[in-house]
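Laboratory data are not the source of any read-out in this text; all were calculated from the coordinates shown. Because the structure is predicted, anything quoted here is derived from the model rather than measured. Here the Cβ positions follow ideal geometry from the backbone for every residue, glycine too, while neighbour counts run over all protein chains shown.
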Amino acid sequence: MTVLDIQLSPGNTDWASYRDAVLAAEAAGFGAVWVFDHLAGVALGGTSMLETFASLGALAEATTQVELGVLVANVWNRQVGTLVAAAASVALVAGRQVHLGLGAGASPTSAWATEQRAVGADLEPDLDTRHARVVDVLELSAQQWSDDRDEQFDTFPLPTPPPTRIVGVNSRRLSRIAGRHADGINVRWTDPSRDDYLAAADAEAGDRPFLRTAYALFDEELLDPDHPERTAMTARGIDRLILAVLGPPPSF
């Protein structure tokens, strides 16, 4: 059975209301609550935003049992080591499973890069370089979070359990990177190439444990486990479905 998760945005509400919505999602039995990684609300049609790992740390303290995740952390919003330490810190505060979704970031000309351009952030036009940055995060996190890690990492945060590292993909090439280096993959369920991406990741992952996750825009009908799309997800081996709410949080 596919685990049902929810993704909520603080872009159209105040912190207290956002926190209450997360607590309501926890009480409703969602497997995990996921946050977005944006610097400003414009990308989601909001009027404001909260920094991802600051909000996750606060939610880790506010909640008691629901798993927490980010989908996806833009690997260009933070230095690689800072991103790894941030995810590990949230996991240590939470004391439960945390999920680190990773994204390669947008090109400088993309509409998704508006917020980075506004703050003068460095943006990488070369796709290979953006993909390599994802690998850098995956390799450093594997090194730092290993039980037998090198002594140079002795005083870095060591989360137990470590966050699951899931790569959000929109190409076969990035899918293969996910299968080779990550703990899982995330696809847009309505993407016509979805099955190709999953197959490419599966081929690289082989027989090792590997999470197959998908996201879809929130639709109350998808709360029904017997909905045809939910049945199709289970048949395809989707482990988690993340329902993304772009506007104000719904009532549960």
- line: Taking region 230-252 and keeping residues in contact with a strand residue (DSSP E or B) (Cβ under 9 Å, 6 or more places away or on another chain), in a helix (DSSP H, G or I) and either surrounded by fewer than 16 Cβ atoms within 10 Å (Cβ to Cβ) or among the hydroxyl-bearing types (Ser, Thr, Tyr) (or both) leaves 236
task: For region 183-191, indicate whether the set of residues that are over 24 Å from residue 11 (Cα atoms) and aliphatic (A, V, I, L, M) is non-empty.
output: yes
- request: Find the helices (runs of 4 or more DSSP H) located wholly in region 48-152 whose residues include 2 or more that are in contact with a Ser or Thr (Cβ under 9 Å, 6 or more places away or on another chain), and list them.
  value: 52-62, 80-94, 127-144
Members of region 1-24 that are more than 19 Å from the chain's Cα centre (by Cα) and not hydrophobic (A, V, I, L, M, F, W, C): 12, 13, 14, 17, 20
statement: How many residues of region 5-24 are buried (at least 21 other Cβ atoms within 10 Å of the Cβ), part of a helix (DSSP H, G or I) and in contact with a Phe, Trp or Tyr (Cβ under 6 Å, 6 or more places away or on another chain)? The answer is 0
message: Please verify whether residue 114 is more than 16 Å from residue 171 (Cβ to Cβ), within 21 Å of the chain's Cα centre (by Cα) and surrounded by fewer than 18 Cβ atoms within 10 Å (Cβ to Cβ), treating the condition exactly as stated.
response: yes
- line: Within region 24-53, the count of residues that are free of Cβ contacts under 8 Å to residues at least 60 places away in the same chain and of a type in the set (D, E, K, R) comes to 2
query: If the Cβ limit is 6 Å and pairs must be 6+ apart or interchain, which residue in region 12-23 that is touching a residue at least 40 places away in the same chain (Cβ under 8 Å) and under 16 Å from residue 44 (Cβ atoms) pairs with which residue that is surrounded by 18 or more Cβ atoms within 10 Å (Cβ to Cβ) and not aliphatic (A, V, I, L, M)?
result: 12/46; 18/10; 21/249
query: Are there any pairs with C-beta distances below 6 angstrom linking a residue in region 153-171 that is more than 18 Å from residue 70 (Cα to Cα) to a residue that is surrounded by fewer than 17 Cβ atoms within 10 Å (Cβ to Cβ), with the two at least 6 apart or on different chains, and if so which?
result: 157/92
query: Can you tell me how many residues in region 43-57 are over 18 Å from residue 218 (Cα atoms) and surrounded by fewer than 17 Cβ atoms within 10 Å (Cβ to Cβ)?
result: 4
task: Could you check, for region 152-174, whether at least one of its residues is closer than 24 Å to residue 33 by Cβ, crowded, with 19+ Cβ neighbours inside 10 Å, β-branched (Val, Ile, Thr) and touching an Asp or Glu at 6+ places or on another chain (Cβ under 7 Å)?
output: yes
